[in-house]
1. Checking the condition under 27 Å from A:Ile350 (Cβ atoms) and either in the same structural domain as A:Leu136 (by TED's automatic domain parsing) or in contact with a Ser or Thr (Cβ under 7 Å, 6 or more places away or on another chain) (or both), which residue from A:Ala383, A:Ala368 passes?
2. What number of residues in region A:377-408 are away from chain B (no Cβ under 14 Å) and of a type outside the set (Lys, Arg)?
3. Do we find a residue being modelled with pLDDT of 60 or more and surrounded by fewer than 21 Cβ atoms within 10 Å (Cβ to Cβ) anywhere in region C:8-26?
4. Show me the helices (runs of 4 or more DSSP H) found entirely inside region A:74-191 where at least 3 residues are over 20 Å from the mean Cα position of the chain (by Cα) and closer than 30 Å to A:Asp301 by Cβ.
5. Report, ordered by the first and then the second residue, all pairs with beta carbons closer than 6 Å, sequence separation of six or more or different chains, a first member in region A:168-180 that is free of Cβ contacts under 8 Å to residues at least 40 places away in the same chain, and a second member that is β-branched (Val, Ile, Thr).
6. Those residues that are modelled with pLDDT of 90 or more and outside any helix (DSSP H, G or I), I need them from region C:212-269; list them, please.
7. Can you name the condition, by its number, that C:Phe128 falls short on among (1) within 9 Å of chain B (Cβ to nearest Cβ); (2) under 30 Å from B:Tyr18 (Cα atoms); (3) without any contact (Cβ under 8 Å) to a residue 24 or more places away in the chain; (4) outside any loop (DSSP other than H, G, I, E, B)?
8. Any chance you could count how many residues in region C:211-243 are within 13 Å of chain B (Cβ to nearest Cβ) and closer than 23 Å to C:Met157 by Cα?
Amino acid sequence: MSTTDFTHPRRRRLSQAVALGAAATLALSACGGDAGADSENGDSEAEAPDSLSVTTFNEFGYEELFEEYEEQTGISIEHNKVDTAENARDSLRNSLGAGSGASDIEAVELDWLVEFMQYSDRFEDLADPEVEGRWLDWKYEDAVDEEGRQIGYGTDIGPQALCYRADLFEEAGLPTDREEVAELLDGDWGNYFDTGREFVAESESAWYSGSDNVWQGMINQVEVPFESEDGEIIADTNPDVKDLYDELLEASVEDELSAGLSQWSGDWSDAFQRDGFATMLCPGWMLGVVEGNADGVDGWDVADVFPGGGGNWGGSYLTVPTQGENVEAAKDLAAWLTAPEQQIKAFEAIGAFPSTVEALESEEIQSATDEFFNDAPVGEILANRAEAIEVQPFKGPNYLLINVAIQDALNRVDVDGIDDADESWDKFVNDVEAMK
Amino acid sequence: MAPRKHLRSRASAWDRKYSPYLYISPFFILFAIVGLFPLVYTIWVAAHDWDLIMGQGEFVGLDNFAHVVGQRAFWIALRNTLSIFILSTGPQVVAAIIIAYMLDSHLRARTFWRMGVLLPYVVTPVAVALIFSNFFSQRFGLVNSVLDTIGIDAIGWQSDVLPSHLAIASMVNFRWTGYNALIFLAAMQAVPRDLYEQAEIDGAGKVRQFISVTVPMLRPTIIFVVITSTIGGLQIFDEPRLYDQYGRGGTDGQWQTMTIYLYELGWTRSDFGLASAVAVLLFLLIVAIGIINFTITRRIANGEGRKSTTQQRRLKKGARS
Amino acid sequence: MTTSAPLAPVDPEAKSGRTLGRRRRSAPGGQNRRPGFIVYGCLVAVVVGGMFPLWWSFLIGSHDSTILSRTSFPWWPGGNFLANAATVMDTVPFWRATMNSIIVSTTTAVSVVFFSTLAGYAFAKLRFKGSGPLLVFVIATMAVPTQLGVVPLYQVMAALGWTGELTAVIVPALVTAFGVFWMTQYLRQAIPDELIEAATMDGCSMIRTFYHVCLPAARPAAAMLFLFTFVLNWTNFFWPFIVLGPQNPTLPVALQQLQAAHFVDYSLVLTGATLATVPLLILFVFAGRQLVSGIMQGAVKA
């Protein structure tokens, strides 16, 4: 939500860091301008609306883009920013159920896109020769339903790198240089936890903030985690899931690698200011979160490595519900917002990592550095991490709810300390049973 | 002329006969549409598979009810709802009576004090919940910091069941104690002053007067306050919903109430059938507690009636002698 | 959709403001107790306790996000409140939410007062068949937890295409059982029957009698009913939260959006809480006296 306040300095720093500088940006916005103007012209028969509504959640970095679009097309944009992805999901479900109330464009997150695939006929088919081949293949394919209709335009992706506190690493006798750290942590989760064990032996701080955060990294590397492709819920019987659960909790609780904080909580935010933990799984969009919370704290850096290889966490799509009155104009806007030029600007604004091939390869991304993270070449690192992604997990319609349930299970043990791992697992099995 | 006059008087008769019904009709029409119909229709929905988006499905009879009462979450929600209700009503009534007793005296700037205690009432529960959840942050919140400085270990306000209930009850108490104090104050002022005079003559101290005169006379008001708290209190939603940033009532449903459970089933899981079943069960619970309240009230009210007449008789006797 | 709101069985004499006032003059305060320091001390504690959370909210809201991470708590406001306020308004549709809250609260309050006075007048002063049982029915509905009909009510609103619209919040709250009961009680003792008889004898139609006799007499009780309905709808959360969604929120719905986020920034959350409270605090300064006497006269539970 409220990152606006914090992202201003970040935005400034990032854009300063873009190698090509102002000239390139100007050129790009000129391109963007053309695209916008084109689409408007193409549509002039369909009667351009005065305004369009767009619902997003958390941060998409669209504020300035909307202003730009308004200037170019004269279409004013009503931006509804929902606090969390969960609330955005509930709200969109409501609108679909009621048959009204949805915005012209609704942002949908990867984890619950599948759920809406069940009702894909309630979204416009956005397939268009003009945007074909724009996105990474997997990003595109996830948004295509069984009949081959494309219901969403990809916005960002969440390739994960590892953020770490160089100063705390140094105190604990670990290497601090980001190449060395990458080498140190190159390996599986066992290696990551082992390094953590060394670290906590020498440090007051924990290795990571909490199990729920690390879980996102682990589960996004499992090919078929919670639901089989024929629609059966297997979360409670899948040995992969249980093994990861046990491994994680052993590291978190028995070996005390975890700071025991539930992510996004107030205590979690506060811990950034208190040397609470030394590492954090960092998808692109997390960089802004770390920076906002750790405002004024020195020592954060980001390494080109991720336990267990690569992994994607999050990332979203823009959809156009059929119930809207301006579907054509909405489609144009969605196409414009997800065009490479605009994705680069969203990245500069809040670190949302582009999902289009062209943007990923662009000079702006490849050369972007971030002052807060010790001038780390974040663009290059994340692009490398995107390439390292091997597994795109299969996510069924219950993915989100099951993942929430298992994160609750982890937090019962790690954060609240009210259950041991086995008791909490039993409750999770119970919760999953209720969904079947 | 004559027929018109006739017409007029007939119109006037009609006017007199039917106007009252017209005047009261808005309430009845609205209640029928937004109150009664939804309640009755809830039973219908509860007897079906019913998806938020896909709409009505098969008739399933009591399956939804069976499913719900088979859930651990349901019983936890029931426990939490009752516990939070008791924790918020009990202390609140006691504190409100004491505050009322303090207000019921020769105070300077009387209106100021009355307004002062009422102030929290105008703060929206959502704001109250946000402020209090900051107080009760588990690690770095104000309450645990203060406890820490006086050497008490941090309390698991968001991990343990009872502390979380206390925290949520404190939000309810914050908002309603002053309000109820004014209700009690009004009732106290209706207590015949000669009862106190008599008690004083009998040599009763102030505390004794409070316990043996004021409190018994307040009993009907206490019951009233408890009954009205029951209806709202058992449907509590705002405060537990906003107690943490997830709004689901904790990792283990530590403070998930019935209404949150209803919301989660209906709007997060999109299962209107299950949500309606919970609504019906909660309705029955409220009715049951209402009946219990009513029986107790009747009994106490009757006892009260006898008691006060004896008191009065004693008073009269005292006056005569 | 509002929580039911019955009346307390307060002594009937205490119900009328006039008698209350008279008695107070003759025997001011209870039992002629002269409060000592202890009583004043306790009351100061209660009032300060009631204000502290609001003060705290403003205090945290006037600093930046790092304030709560410091080892010692601040006891004096910082200079960041306006900056935070700007961010809040940037983050949630604050002005729209405020306007929505004003529209909802005012419309429902006016409507409740009007329809309740009309019905209360009929119940209190007009003779018609079934008036007794019907009034009992009205009172009984106050004990019905209508909020539990939320699922079908939502479906009704969806069918009407009202979800996301203020109409969905306003219409269910247009008249309340409590309002009807409150006005009935008041009008019963406020209008002498002779006055109505006289008006009828003069050939006044029913509605003219209502207009000329009842409305003026109803004014004090109507003002209080207005206030309580206003506060009730201003603070209401559950139903607006469900039916409005984040796009077109009332103030409490917008406010909760500040809490759940990718990270909780309490300086912003509490700035929002402060901002959302200010309008009613202003109302309270001007009308708090009426609220106090409203509660004490009717022992309203809204």
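1. Details: A:Ala383 fails: either in the same structural domain as A:Leu136 (by TED's automatic domain parsing) or in contact with a Ser or Thr (Cβ under 7 Å, 6 or more places away or on another chain) (or both).
Checking each option against the conditions leaves just A:Ala368.
2. Pass one, region A:377-408, residues away from chain B (no Cβ under 14 Å): A:377-396.
After this cut, where a residue has to be of a type outside the set (Lys, Arg) as well, the list is A:377-384, A:386-394, A:396.
Within region A:377-408, residues that are away from chain B (no Cβ under 14 Å) and of a type outside the set (Lys, Arg) number 18.
3. Here is the first cut: in region C:8-26, the residues modelled with pLDDT of 60 or more are none.
No, region C:8-26 has no match at all.
4. Values: elements: A:85-98, A:110-117, A:137-141, A:166-171, A:178-185.
By residue number, A:166-171, A:178-185.
5. Final answer for the pair search is A:Glu170/A:Thr176; A:Pro175/A:Val181.
6. Matches in region C:212-269: C:Asn236, C:Phe237, C:Pro249, C:Thr250.
7. With (1) within 9 Å of chain B (Cβ to nearest Cβ); (2) under 30 Å from B:Tyr18 (Cα atoms); (3) without any contact (Cβ under 8 Å) to a residue 24 or more places away in the chain; (4) outside any loop (DSSP other than H, G, I, E, B) applied to C:Phe128, the lone miss is (4).
8. 13
The values are calculated or read from the model by the stated rules, or taken from the named source; none is laboratory data. From a predicted model like this one, the values you see are computed outputs, not experimental measurements. Don't worry about glycine lacking a Cβ; one is built from the backbone with ideal geometry, like all the others, and counts go over all protein chains shown. Note: accessible area is taken over every heavy atom of the protein model, side chains too, but ligands, DNA and RNA are not part of it. Shrake-Rupley method; radii C 1.70, N 1.55, O 1.52, S 1.80 Å.
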